Amino acid sequence: MNKKIILIDMDGVLADFEKRFLENWRKKFPNHPHVPLEQRETFYLEEDYPDGLLKDIQSIYSAPGFFENLDIIPGSIEALTKMEALGHEAFICTSPISKYENCILEKYNWVSKNLGYEWTKKMIVTKDKTLIYGDILIDDRPEQQGLRKPAWKYVLFDAAYNRKVKSKLRITWKNWEKILALR
């Protein structure tokens with residue numbers, strides 16, 4: 001078997017950012033329009049909402065407790081566990097939001113709570129994932145831009161807002177083994 005280094009994004013891949021955002025959005029701003037995940041067309045939330053709501057949108061995902069309390073995306077923990085059991089090295093490779101005061105610590109807390117403390121040692125927090133070495137990157141962001149040509153193969157984690165992208169290998173936690181052929 002060829003051991004691989006697999007980089008896995010956190011928000012939208014392991015942790016359900018979209019679900020928590022919509023729940024909190026509807027509670028805090030019941031009279032604002034909301035865009036269900038199935039109707040999202042862009043990776044960035046603010047691009048799918050009417051102009052003038054940026055500060056309200058940011059107030060949701062920069063609030064204390066937002067990242068720490070994200071739900072687990074079904075199948076993600078089992079997939080990570082199996083990747084490791086198969087002898088691969090899996091790392092969480094996540095980007096912080098620009099208003100990072102709560103985000104970074106809460107991401108570590110989320111990983112510790114949901115995967116165990118040992119996984120916090122396998123976290124890479126960076127705004128530029130092209131600088132990180134690996135064989136595969138699993139991410140829901142439609143495009144990765146950075147300073148370098150990535151060393152990894154880019155695998156797109158399926159989401160409504162990235163379905164327009166047809167040029168990348170696409171996976172879910174139901175088909176990941178078949179798509180990545182990690183047996």
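The values are calculated or read from the model by the stated rules, or taken from the named source; none is laboratory data. Because the structure is predicted, anything quoted here is derived from the model rather than measured. Here the Cβ positions follow ideal geometry from the backbone for every residue, glycine too, while neighbour counts run over all protein chains shown. What goes into the accessible areas is simple: the full protein's heavy atoms, side chains included, and nothing from ligands, DNA or RNA. Shrake-Rupley method; radii C 1.70, N 1.55, O 1.52, S 1.80 Å.
Look through region 20-41, keep the residues that are closer than 16 Å to E106 by Cβ and within 16 Å of the chain's Cα centre (by Cα), and return whichever of them is most open to solvent (accessible area, probe 1.4 Å). Looking at the filtered set, the residue picked out is R20. Looking across Y61, Y44, one residue alone is surrounded by fewer than 12 Cβ atoms within 10 Å (Cβ to Cβ) and within 17 Å of the chain's Cα centre (by Cα). It is Y44. The residue that is surrounded by the most Cβ atoms within 10 Å (Cβ to Cβ), among those in region 64-81 that are within 16 Å of the chain's Cα centre (by Cα) and assigned to a loop (DSSP other than H, G, I, E, B), is F67. Pairs are defined by a Cβ separation below 6 Å, a sequence spacing of at least 6 or placement on different chains, a first member in region 121-142 that is over 20 Å from N2 (Cα atoms) and open to solvent by 10 Å² or more (accessible area, probe 1.4 Å), and a second member that is hydroxyl-bearing (S, T, Y) and modelled with pLDDT of 95 or more; the pairs so defined are V125/T94; K127/S95.
Can you work out which of the residues in region 169-183 that are within 19 Å of the chain's Cα centre (by Cα) and either assigned to a helix (DSSP H, G or I) or of a type in the set (G, A, S) (or both) is modelled with the highest pLDDT? Reasoning before the result, please.
Our first condition is that a residue be within 19 Å of the chain's Cα centre (by Cα); within region 169-183, this holds for 169-177, 179-180.
Filter once more, so that each one left must be either assigned to a helix (DSSP H, G or I) or of a type in the set (G, A, S) (or both): 176-177, 179-180.
Details: W176: 92, E177: 88, I179: 82, L180: 82.
Only one residue tops the list, namely W176.
Return yes when L105 is in contact (Cβ under 8 Å) with a residue 40 or more places away in the chain and under 23 Å from I138 (Cα atoms) and no when it is not. Against the criterion (in contact (Cβ under 8 Å) with a residue 40 or more places away in the chain and under 23 Å from I138 (Cα atoms)), L105 does not qualify. Scanning region 161-179 for residues that are buried (at least 17 other Cβ atoms within 10 Å of the Cβ) and touching a residue at least 60 places away in the same chain (Cβ under 8 Å) yields a count of 4. Among the residues that make up region 111-120, is at least one of them more than 15 Å from the chain's Cα centre (by Cα), within 22 Å of L180 (Cβ to Cβ), of a type outside the set (D, E) and assigned to a loop (DSSP other than H, G, I, E, B)? No, region 111-120 contains no residue that is more than 15 Å from the chain's Cα centre (by Cα), within 22 Å of L180 (Cβ to Cβ), of a type outside the set (D, E) and assigned to a loop (DSSP other than H, G, I, E, B).
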